[in-house]
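The values are calculated or read from the model by the stated rules, or taken from the named source; none is laboratory data. Predicted model, so just to flag it, every value in this text is computed and none were measured. Glycine gets a Cβ as well: all are built from the backbone with ideal geometry, and neighbour counts include every protein chain shown. Keep in mind that these areas ignore ligands, DNA and RNA; they rest on the heavy atoms of the full protein, side chains included. Shrake-Rupley method; radii C 1.70, N 1.55, O 1.52, S 1.80 Å.
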Amino acid sequence: MSTHSYIGVIEEDGTLKYVYCHSDGYPSYLGRMLLTYYNTPELATGLVNLGDLSMVRSMLRKRLVPDKGEFHTFKKPVREGPKGGITTAYHRDRKERLHINKTVIGGPDISTNAKKVFLDITKSNYIPYAYLYDIAEKQWFACDTCQDCGFAFLNENYLQTHV
């Protein structure tokens, strides 16, 4: 059985973009992947811009797409190797329609409002985990919708308390 999650970014203009991730959404896997390999505005945004995801993989060389000549498909993904793995995306790798959810967040505190809106969206869709990269703060936030009341900093302490 898969552990579903949402991965989102809140842009400085208040645009919240998020995608569905089908597998291994729990903090000890996906939380660690995001914190270790996707911890910049460019990589977090690039990940979300792939559209809905099957599985996020490690990247040793900060790459979101296969290298030229590297064989990567939905059924035969690059899982690991000297350069790391390649995240499996439904649009790129299975030729499905590109799907990125977007909503505009307003108000005086965009970051706080985005977290509230994203938590409501996540809970209403019965998704157990959500991860949000705040571009203005250059920080990942995480939420376990079963035990958390809201988003918290995604850091080593969060990973250790959400096993």
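Looking across the stretch 146-163, the residues that are under 23 Å from SER124 (Cα atoms) and open to solvent by 90 Å² or more (accessible area, probe 1.4 Å) come down to CYS146, GLN147, CYS149, PHE153. Considering only residues of the stretch 104-130 that are among the hydrophobic types (A, V, I, L, M, F, W, C), open to solvent by 30 Å² or more (accessible area, probe 1.4 Å) and modelled with pLDDT of 95 or more, which is farthest from the chain's Cα centre (by Cα)? Out of the qualifying residues, it is VAL104. Taking every residue in the stretch 2-27 that is in contact (Cβ under 8 Å) with a residue 60 or more places away in the chain and pairing it with any residue that is assigned to a strand (DSSP E or B) and among the polar types (S, T, N, Q), at least 6 positions away or on another chain, the pairs with Cβ-Cβ distances below 6 Å are LEU16/THR103; TYR18/ASN101; GLY25/SER5.
Is at least one residue of the stretch 123-137 assigned to a helix (DSSP H, G or I), of a type outside the set (Ser, Thr, Tyr) and either within 18 Å of HIS4 (Cα to Cα) or out of contact with any Ser or Thr (no Cβ under 6 Å at 6 or more places or on another chain) (or both)? The answer is yes, given that some residue of the stretch 123-137 is assigned to a helix (DSSP H, G or I), of a type outside the set (Ser, Thr, Tyr) and either within 18 Å of HIS4 (Cα to Cα) or out of contact with any Ser or Thr (no Cβ under 6 Å at 6 or more places or on another chain) (or both). Residues in the stretch 42-57 that are among the acidic types (Asp, Glu) and in contact (Cβ under 8 Å) with a residue 40 or more places away in the chain: ASP52 alone.
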